[in-house]
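The values are calculated or read from the model by the stated rules, or taken from the named source; none is laboratory data. Only a predicted model underlies this, so the values are computations on that prediction, with no experimental measurement involved. Note that each Cβ is placed from the backbone with ideal geometry, even for glycine, and that neighbours are counted across all protein chains shown. What goes into the accessible areas is simple: the full protein's heavy atoms, side chains included, and nothing from ligands, DNA or RNA. Shrake-Rupley method; radii C 1.70, N 1.55, O 1.52, S 1.80 Å.
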Amino acid sequence: MAEITICYCFNVTKEDIEKRLAEGKSLDEIRADTGLGWGCGGCARMAEKLWGENGDPNDPSFYFNAVETDNSGTGVESDAD
């Protein structure tokens, strides 16, 4: 499965964030360690919505832009609606 980039300024992925959370780090510590939210700021709201104090990492609205693939490893988009 392809990694989902949350912060393009500092190349921070969803997997990076969730690994650090599992290690016991807070979102503020992750921000300080990775730069998450400190570049353009575009990822700050998303990070807060998913992993903040009242966040929900399973929020389906996060995936509204997800590209479905045919799972063959070719990266070709499917015709799924």
Just for the stretch 9-28: of the residues that are touching a residue at least 24 places away in the same chain (Cβ under 8 Å) and farther than 17 Å from residue 49 by Cβ, which one is surrounded by the fewest Cβ atoms within 10 Å (Cβ to Cβ)?
9
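Those residues that are within 8 Å of the chain's Cα centre (by Cα) and in a loop (DSSP other than H, G, I, E, B), I need them from the stretch 6-24; list them, please.
From the stretch 6-24, those within 8 Å of the chain's Cα centre (by Cα) are 6-7, 12-15, 17; that's our starting set.
Passing the criteria: none in range.
Just wondering, is there one or more residues in the stretch 25-46 that are in a helix (DSSP H, G or I) and within 10 Å of the chain's Cα centre (by Cα)? Step through it out loud before you land on a result.
Narrowing the stretch 25-46 to residues in a helix (DSSP H, G or I): 27-34, 44-46.
Within this subset, residues satisfying the condition of being within 10 Å of the chain's Cα centre (by Cα) are 46.
Within the stretch 25-46 (the criterion being in a helix (DSSP H, G or I) and within 10 Å of the chain's Cα centre (by Cα)), the answer is yes, since at least one residue qualifies.
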Within the stretch 45-55, identify whether any single residue is open to solvent by 90 Å² or more (accessible area, probe 1.4 Å) and among the aromatic types (Phe, Trp, Tyr), and answer yes or no.
no
